[in-house]
Amino acid sequence: MATALRPTLVRATRRAAVTRPSAFINSISLTSQPFSTSAHAAQANEGTTPPSSSESHPPLRLSKEQREMLEEMIRVDQAGELGANWIYRGQYAVLGSDKKVGPLLQHMWDQEKHHLKVFDGIVSQYRVRPTALRPIWEMAGFALGAGTALMGKEAAMACTEAVETVIGGHYNDQLRELLKIDHPDIAELRKVVKQFRDEELEHLETAIEHDAQKAPQHELLSNAIKQGCKAAIWISSKV
């Protein structure tokens with residue numbers, strides 16, 4: 001299943017590919033009153049000039065349905081990046097000293113830390129209620145990461161493959177919904193989601209390249225993790 005999903009996600013990435021912004025977000029007018037903030041990418045050497053703080057957009061009003069969708073979307077994304085952070089934390093606790101796998105895990109974990117930092121800022125700035133299950137996702141993420149790492153390098157990569165398959169598809173679904181909203185600030189949010197989607201798919205590719213599908217009981221393990229991720233997404237959208 002992972003092999004079948006992979007080309008679909010990669011094709012979607014290529015169709016939607018855009019230049020990665022150095023300013024992730026300027027403002028998202030979730031209410032009729034505009035807010036302003038900015039979170040800059042770690043890749044400062046890209047040379048993209050952040051939007052000027054003097055720039056402003058008309059305070060376009062989002063519908064009740066659009067606001068609810070965006071709040072749910074932001075809450076789920078923050079929870080997802082939180083879970084991913086703790087999965088990599090657990091994997092690194094077990095395999096961090098491995099000269100081959102350790103640096104790969106560190107690189108992917110660093111990107112997830114940045115993703116979480118951005119979404120933490122968005123949740124705070126735009127007054128979105130975060131998930132009430134943060135402690136549970138932290139414990140579950142660490143247990144999943146450490147548990148699969150203890151099964152071996154291949155199982156750890158199979159975990160990454162499964163998680164990033166679900167997250168990549170989830171971000172693609174969000175992008176389709178965001179394209180339906182004609183609002184200048186939502187265009188900025190789309191850039192954030194596209195960049196993070198692309199990086200999650202890079203993690204998927206990395207996992208496959210490093211023998212994810214050679215893990216014992218790969219199909220069973222992968223399907224179990226995918227179903228768990230989908231359940232966590234649904235629960236986080238509601239709680």
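Laboratory data are not the source of any read-out in this text; all were calculated from the coordinates shown. Everything quoted here is computed from the prediction, not taken from an experiment. Reconstructed Cβ throughout: ideal geometry from the backbone, glycine too, with neighbour counts over all protein chains shown.
Largest first, please: the extent of the C-alpha atoms of the stretch 54-167 along each principal axis, to the nearest Å.
52, 31, 22
Over the alpha carbons of the stretch 81-239, what is the largest minus smallest coordinate on each principal axis, giving the biggest first in Å?
46, 29, 28
Tabulate in residue order the Karplus-calculated ³J(HN,Hα) for the stretch 231-236, using 6.51 cos²θ - 1.76 cosθ + 1.60 with θ = phi - 60°, rounded to whole Hz; enter x for Gly and Pro.
Using θ = phi - 60°, the values come out as 5, 5, 4, 5, 4, 5 Hz.
Could you give the alpha-carbon Rg of the stretch 126-184 over 2.2 N^0.38 Å, rounded to two decimals?
Compared with the compact-globule rule of thumb, the stretch 126-184 sits at 1.55.
Per q in 0.19, 0.20, 0.23 1/Å, what log10 I(q)/I(0) does a Debye calculation on the alpha-carbon atoms of the stretch 187-235 return?
Reported log10 I(q)/I(0), two decimals: -0.81, -0.86, -0.95.
Once Rh for the stretch 76-133 is found with the Kirkwood sum over Cα pairs, what is the Stokes-Einstein diffusion coefficient at 20 °C and 1.002 mPa s, in µm²/s?
Using the Kirkwood radius from Cα pairs, D works out to 177 µm²/s.
Pairs LYS99/LYS153; LYS113/LYS230; LYS99/LYS194; LYS194/LYS214: which exceed 23 Å Cα-Cα?
LYS99/LYS194; LYS194/LYS214
Give me a comma-separated list of calculated 3J(HN,Hα) values for the stretch 99-109, in order, Karplus coefficients 6.51, -1.76, 1.60 applied at θ = phi - 60°, integers in Hz, x for any Gly or Pro.
Per residue, the Karplus-derived 3J(HN,Hα) values read 5, 8, 7, x, x, 5, 5, 4, 4, 5, 5 Hz.
Tell me which aspartates and glutamates have Cα within less than 12 Å of LYS238's Cα, excluding those fewer than 8 residues away on the same chain?
GLU68, GLU71, GLU72
Compute the distance in nm between two label points, each set 7 Å from the Cα along the Cα-to-Cβ direction, one at ASP110 and one at ALA187.
Spacing of the two 7 Å Cα→Cβ label points: 3.2 nm.
How large is ³J(HN,Hα), in whole Hz, for each residue of the stretch 138-147 in order, when computed from phi with the Karplus curve 6.51 cos²θ - 1.76 cosθ + 1.60 and θ = phi - 60°, using x for Gly and Pro?
So the Karplus estimates, Gly and Pro as x, are 5, 5, 5, x, 5, 4, 5, x, 5, x Hz.
At 4 °C and 1.567 mPa s, what whole-number value in µm²/s does Stokes-Einstein give for the translational diffusion of the stretch 149-239, with Rh from the Kirkwood sum over Cα pairs?
91
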